[in-house]
Every structure is written in structure tokens, then in C-alpha cells.
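The block underneath contains the structure these notes are about, expressed in C-alpha cells.
The values are calculated or read from the model by the stated rules, or taken from the named source; none is laboratory data. None of these values were measured; they are calculated from a predicted model. Cβ placement follows ideal geometry from the backbone for every residue including glycine, while neighbour counts extend to all protein chains displayed.
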Amino acid sequence: MNQSIFQEAMRTVNERRVRAQAENERRFREVNEKLPQIAEINHQLAQTATKFFEVVKSGRDVEGRIEELRRQNEQAQEMSSRILTENGYPADYLDVRYTCEKCQDTGYFEGRYCECLQRAIASAGIARMNENAQLRLSTFEQFSLDYYRLPRTSEDKDTYETMQRVYHSCRKYADSFTVHSPSILFYGRTGVGKTHLSLAIADRVLAQGYDVIYDSIINLLSRVEREHFGREESELDTLSLLLGTDLLILDDLGTEWNTPFYVATIYNIVNTRINKGLPTIINTNLDLLDLRSRYEERIVSRLFAVYETMNIVGPDIRLLKKKQNGPAL
Ligand SMILES: Nc1ncnc2c1ncn2[C@@H]1O[C@H](COP(=O)(O)OP(=O)(O)OP(=O)(O)O)[C@@H](O)[C@H]1O
Ligand SMILES: [Mg+2]
Ligand SMILES: [Zn+2]
């Protein structure tokens, strides 16, 4: 695992702990000031640890005295909760609010990495992968239907109406996204807006707090391949991130080399995510016939049976934009 990704995740978890404890101290100060009775109880409670230690050290009647201390402690806690609620505070106002109760934001639980640390590692890895994506530049707001009115041919009306439907169903998909959302196959010629639409979806889904991985299939497969065959300790477990992320967007299917490793990996990704019920978006320049002849039956049949296919039509907008105002992406 990449050390810096691990460190970044560990830093995230540590920051949560420091923040939780600082907030807890702030609440103590606030309450001690407002409710002197509680200040007294808190003072007693703080001394319990020292008393425990003294009892154990003395070695006399340890069990009985510890039991007595424990009872006093409980009473003090109860009194503190009661005074809090009587004064309009929640009873647990002075408990530390950890993000992860299980490991108390330490990242370790029963000698292993806690799930919260594993999630932080995955998120840090995903953020690293998406660093290069043009996410911010391709949103729904920047997607204009006007391009599909051009050029003025007899097909115009159909193109516009088709893309209007596509646009609205993509927005709806993004806004009502869950990890059980369907998978989508966008296909269509170059420059019509496949990447733009899928990034617009990614943008909204990320904003709702889901993990999204977006990249071209070439980049993703070559990364998986390097990690699979590489000698050095693998940086990131890309394959397991691809298999488990909430939404995976594979751009430019059909541009990768047709090697046995790639074909097997594509099958693995498509099949595993279907089995887990996780949504995937795939973009391709190939039409449905091309797909059928290029990929083996077990991949194509899954794509056609499970994915919603959306044909993206229209002019080459990349070209139009370039003509209008210099080079587009
Ligand atoms: N409806 C649109 N409104 C505004 N900009 C658009 C629209 N559709 C596409 N674009 C822009 O045009 C360029 C090409 O679009 P995009 O990359 O989405 O095409 P594509 O279908 O993915 O093409 P390719 O098959 O070559 O990958 C991008 O800069 C994109 O932001
Ligand atoms: Mg594209
Ligand atoms: Zn935890």
C-alpha cells in the first residue's frame, strides 16, 4: 500500500479524534461555568482514576473498595446526567462524540485496522485517482442542449428530443443515486457528450457523499496490470477499489488493447459489480454491433442484459467548440 495514502487516511482519523476531544473539552468548560454543581461532580469523577490506582497499589480489600468506587462513580454519572437534562442539555452532552465509536477514532480495533480506517484509505485512494479527471469542468450546468439543434438538418428534431430525454434522465439518475442504481452504457460517436454527461453524474453523486471512481479504461487497466505483475510492493489496490466503489465510471471502452489479461479483468469488473448489485457507467464509441463482435459473449451478454443502454447522438461538439472559441478538451 502506498505509504502516503495510508498516512493521509491515518491523518484523517487522527483529526477526527482531536476534533472530538477538543469539542468535548469545550463542552466541559461551558457546562462547568454554567452549572457549578456539575463542576463539582466532574472534579470528583476526574479523581476516580487516581483513587482506583491507590486502592490497587495498597493491596488491601481491593475488590470491595473498587466495587465501592465503581458505585460512587455510577451515582455521580447519573447525577450529572440528571442535572444536565434538568437544565435543558441532552443527558450525554459530556460524552466524547467520536465519528467511529468502535475504535474511538484511533483507527485500530482489537489489534487490527478498524473499518473506519479502511474506508478512509479507500477514500484517499479514490481521491488520488480522480485527481486528473476534469470533474469540475463537466457539470450539468455546463451542458447545453443547444448544440443538439445544430446543424440544421432533417434529423434535428429527433436529435434534440432524444438528447433532451437523455439529459433529464441523467439528472434524475444523479439526483436519486443510490448504490442500487442501475448501470448505464453510453454509446455514440466521438464528441457528442458521453464523457461530459458521465462526469456531470459523477459530480452530483460525489456531492452526495458517495465514492466515485472515474477514469479511462486504458488508464485503469494498465494500473491494474502494473500492480498485478509489478515486482515492487503494490501502491494501491486499484482492482479492489474498482470492484467495491459506489459508482465506477469506465470511459472509452474499446480503446484498450485486446489482451487476455485485459479481457479477463473487464469481465471480472463487470461481473463482480453486477453480482454485488453496484452501479457502473461505461462509455464507448462502439455501437452495439461492434461491441458484440469485439467482446466475448459472457461480457456482451451481461452488458446488454443488465445495463441500460443510452444512445448519445448529435454533432461532434468538441469540433464545434474548437471552431467557435479555440480548442475544447
Ligand atoms: N451538451 C454539451 N454542452 C456543452 N459542452 C459539451 C456538450 N457535450 C459535450 N461538450 C463538450 O464537448 C467536448 C467533447 O465532449 P465529450 O468529451 O463528452 O465527448 P465524448 O462523447 O466523450 O467523445 P469521445 O467519444 O471522443 O470520448 C467536451 O469539452 C465537452 O465538455
Ligand atoms: Mg469521451
Ligand atoms: Zn473506527
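What are the pairs, 6+ residues apart or on separate chains, where a residue within the stretch 149-164 that is hydrophobic (A, V, I, L, M, F, W, C) and modelled with pLDDT under 90 has its Cβ under 9 Å from a residue that is part of a loop (DSSP other than H, G, I, E, B) and surrounded by 11 or more Cβ atoms within 10 Å (Cβ to Cβ)?
Pairs that qualify, where the first residue is hydrophobic (A, V, I, L, M, F, W, C) and modelled with pLDDT under 90 and the partner is part of a loop (DSSP other than H, G, I, E, B) and surrounded by 11 or more Cβ atoms within 10 Å (Cβ to Cβ), are LEU150/GLY314; LEU150/PRO315.
Name the single residue, out of those in the stretch 174-186 being more than 11 Å from ligand 2 (Cβ to nearest atom) and under 19 Å from THR162 (Cα atoms), that is nearest to the chain's Cα centre (by Cα).
Residue satisfying both the conditions and the ranking: ALA174.
Hand me the list of helices (runs of 4 or more DSSP H) wholly inside the stretch 1-91 holding 3 or more residues that are in contact (Cβ under 8 Å) with a residue 60 or more places away in the chain.
3-34
With the condition kept exactly as written, say whether any residue in the stretch 232-242 is of a type in the set (Gly, Ala, Ser) and under 20 Å from VAL306 (Cβ atoms). Walk me through how you get there before you give the answer.
First, the residues of the stretch 232-242 that are of a type in the set (Gly, Ala, Ser): 234, 240.
Now drop any that are not under 20 Å from VAL306 (Cβ atoms), which leaves none.
No, every residue in the stretch 232-242 fails to be of a type in the set (Gly, Ala, Ser) and under 20 Å from VAL306 (Cβ atoms).
Here's a check for you: in the stretch 103-123, which residue that is within 12 Å of MET10 (Cβ to Cβ) and part of a helix (DSSP H, G or I) is nearest to ligand 3 (Cβ to nearest atom)?
CYS116
Of the residues that sit in the stretch 174-204 and are among the aliphatic types (A, V, I, L, M) and outside any loop (DSSP other than H, G, I, E, B), which one is farthest from ligand 1 (Cβ to nearest atom)? Give the steps one after another, and end with the answer.
So in the stretch 174-204, the residues among the aliphatic types (A, V, I, L, M) come out as 174, 179, 184-185, 192, 197, 199-202.
Going one step further and asking which of them are outside any loop (DSSP other than H, G, I, E, B), we end up with 174, 184-185, 197, 199-202.
Details: ALA174: 15, ILE184: 14, LEU185: 13, LEU197: 7, LEU199: 8, ALA200: 9, ILE201: 12, ALA202: 12 Å.
My answer is ALA174.
When ASP203 is evaluated against the numbered criteria (1) within 16 Å of ligand 2 (Cβ to nearest atom); (2) within 20 Å of ASN311 (Cα to Cα), which criterion, by number, is the only one it fails?
For ASP203, the exception is condition (2).
With the condition kept exactly as written, say whether any residue in the stretch 205-225 is buried (at least 23 other Cβ atoms within 10 Å of the Cβ), outside any helix (DSSP H, G or I) and small (Gly, Ala, Ser).
Within the stretch 205-225, not a single residue is buried (at least 23 other Cβ atoms within 10 Å of the Cβ), outside any helix (DSSP H, G or I) and small (Gly, Ala, Ser).
Looking at the structure I just gave you, is ALA133 at pLDDT 95 or above and crowded, with 17+ Cβ neighbours inside 10 Å?
Spelling it out, it is not the case that ALA133 is at pLDDT 95 or above and crowded, with 17+ Cβ neighbours inside 10 Å.
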